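The values are calculated or read from the model by the stated rules, or taken from the named source; none is laboratory data. Not measured: the values here are computed from a predicted model. As a convention, Cβ positions derive from the backbone with ideal geometry for all residues, glycine included, and neighbour counts pool all protein chains shown.
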Amino acid sequence: MELKDVRSIKDTKFDKISSVEMLHHIGYNSLPEYFQTIKDLLKPGGLSFQLGVTNNAAKGEYKGPVFAPKYFMPDYDLSPIGEYLKIAEKPDLKFMMLKILDNIMN
């Protein structure tokens, strides 16, 4: 296991890449480059685990606790899950499973 910023990795291929709670910090405009980088760093048949916070397009903008932007998500940029999937599919990343946890704080 290695803990690295994917932007700093050159000339290495991985069997598996995990990203936990990073998607909303990457920002919508940087997602195409991010997912292409993940694809480029995976060996053929490699797997990537992506865990992230999204917003619900049907409900509009994220309206989480007021402490979120101040204490643990100051730079968040949430997009609907469909946008993440659409962008991730462009570099030919395939989805094996999608799990949506809704209202876990209630």
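Does the stretch 24-41 hold any residues that are small (Gly, Ala, Ser) and either touching a residue at least 24 places away in the same chain (Cβ under 8 Å) or touching a Pro at 6+ places or on another chain (Cβ under 9 Å) (or both), and which are they?
Applying the first criterion (small (Gly, Ala, Ser)) to the stretch 24-41 yields 27, 30.
Residue satisfying the conditions is GLY27 alone.
In this structure, is LEU23 modelled with pLDDT under 90, in contact with a Gly (Cβ under 6 Å, 6 or more places away or on another chain) and not small (Gly, Ala, Ser)?
Working: modelled with pLDDT under 90: yes; in contact with a Gly (Cβ under 6 Å, 6 or more places away or on another chain): yes; not small (Gly, Ala, Ser): yes.
Yes, satisfied.
Can you tell me which residues in the stretch 32-64 are modelled with pLDDT under 75, surrounded by fewer than 13 Cβ atoms within 10 Å (Cβ to Cβ) and either closer than 12 Å to TYR76 by Cβ or within 12 Å of the chain's Cα centre (by Cα) (or both)?
GLU61
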